[in-house]
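All remarks here apply to the structure that follows.
Every read-out reported here was derived from the displayed coordinates using simple, explicitly stated rules and does not represent laboratory data. Keep in mind that what you see is a predicted model, and the values were worked out from it rather than measured. All Cβ positions, glycine included, derive from the backbone under ideal geometry; neighbour counts span all protein chains shown.
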Amino acid sequence: MKDLLLSRRQALKGLALGAGTLLVAGTVAADAVKPGTAPAALPHVAATDPMALALSYVENAKTVDPKKFPNYKPEHKCANCLQSKGKDGEAWVGCNLFPGKLVNAQGWCKAYVPKKA
């Protein structure tokens, strides 16, 4: 009977491990696209999104001011960024910086990193 009882420390460890597992599983499930759900069904990043504002995200890279962002080059677009999770030719793509949302493939932000060829 004594073997069946858990110490308070063991119980708290088990609860912490269980809570952590649920948290990770919930985050992964929230970021995953459900089978049969088209990527177009995901919301687009809004210009007013706090992360978009922090990263100076724009839906059209042609509107970027090169004087304000000297690292910007005309060929820099979300479609060819390392953070992009889209395929060639898609108008809206997933982005590691905006989980669960889509960015315009022709967009740009100051976190742009070119994909290795």
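Brief remarks on what is shown
- Number of positions in segment 75-93 that are within 15 Å of the chain's Cα centre (by Cα) and in a loop (DSSP other than H, G, I, E, B): 4
- Qualifying residue in segment 87-108 (condition: in contact with a Leu (Cβ under 7 Å, 6 or more places away or on another chain) and small (Gly, Ala, Ser)): yes
- For segment 94-117, a tally of residues being in a loop (DSSP other than H, G, I, E, B) and either among the polar types (S, T, N, Q) or under 9 Å from the mean Cα position of the chain (by Cα) (or both) returns 7.
- Number of residues in segment 95-106 that are crowded, with 21+ Cβ neighbours inside 10 Å and in contact with a Lys or Arg (Cβ under 7 Å, 6 or more places away or on another chain): the value is 2.
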